[in-house]
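Visitor: The following block contains the structure, expressed as structure tokens.
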Amino acid sequence: MHYLAKKITLFYIKKGKIEEDDREVYEYSFEMLISTIINFLIMIVGALITKRYWETALFTFSFLLFRKFFGGYHAKTHIGCISILVIMYLTMIFMIRLDARLLSIIAMIICSLSIIPVLLLSPVSHPNNPIDKNRIKMYNIVSIVIVLWVVILSYLNYNKYSNICYSIVFSIPLLFSIVAMIIGYVLYVKNDEGDLID
């Protein structure tokens with residue numbers, strides 16, 4: 001992806017659309033764009049293979065929402081990022097196919113317990129994707145509202161069981177996002193405070 005981003009940037013530099021001084025910014029931007037397109041293509045292919053279109057759309061939307069407002073750890077490589085996304089998606093698909101009420105209860109517990117780390121830690125700023133200090137409080141409030149909404153939706157879904165198990169669809173990306181937030185907090189925030197020793 002980095003190679004392709006460099007080629008695209010070079011093409012636009014030669015065309016006079018990008019200044020040479022801005023090369024690094026555009027290379028990074030194109031790399032992120034390519035990575036995002038690949039992730040969306042993977043989700044589209046996943047939806048076509050599994051025929052779980054609505055679940056895939058909700059999964060993708062919720063994961064993007066959680067990650068934006070929770071912050072936290074990001075994989076160091078695009079392959080790592082894509083692999084985590086695929087593992088999450090396959091976990092969600094596997095659990096949906098089990099279609100068990102017990103899994104809904106587990107999902108509700110995950111969603112309910114998520115309130116605590118979100119309340120205490122969110123958002124966690126990443127060195128490559130810092131959160132503006134003026135937005136931290138707002139992100140924290142939005143994060144809490146999102147988790148409360150997911151908890152309520154999970155409880156409603158359990159009581160009025162439908163073809164789409166919302167509690168599973170939302171709890172898998174929520175769990176991974178919470179773990180990423182906690183890891184990010186340990187790696188970036190506590191390290192900055194000097195609480196951890198290298």
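Visitor: Got at least one residue in the range 157-165 being among the charged types (D, E, K, R) and at pLDDT below 85?
Guide: Checked the range 157-165: at least one residue is among the charged types (D, E, K, R) and at pLDDT below 85.
Visitor: Next question, about the same structure. Being under 22 Å from T60 (Cβ atoms) and either at pLDDT 75 or above or surrounded by 13 or more Cβ atoms within 10 Å (Cβ to Cβ) (or both) narrows it down to one of L113, L119, L175, L98, so name that one.
Guide: L175
Visitor: Still on this model: Which condition number does I18 fail, the rest of (1) surrounded by 15 or more Cβ atoms within 10 Å (Cβ to Cβ); (2) touching a residue at least 24 places away in the same chain (Cβ under 8 Å); (3) aliphatic (A, V, I, L, M) being met?
Guide: All conditions are met except number (2).
Visitor: Return the total of residues in the range 72-91 being open to solvent by less than 40 Å² (accessible area, probe 1.4 Å) and modelled with pLDDT of 85 or more.
Guide: Residues in the range 72-91 being open to solvent by less than 40 Å² (accessible area, probe 1.4 Å) and modelled with pLDDT of 85 or more: 3 in total.
The values are calculated or read from the model by the stated rules, or taken from the named source; none is laboratory data. Treat the numbers as computed from the prediction; the structure is a model and nothing was measured. Cβ: placed from backbone, ideal geometry, glycine included. Neighbour counts: every protein chain shown. These area figures cover heavy atoms from the full protein model, side chains too; ligands, DNA and RNA do not enter into them. Shrake-Rupley method; radii C 1.70, N 1.55, O 1.52, S 1.80 Å.
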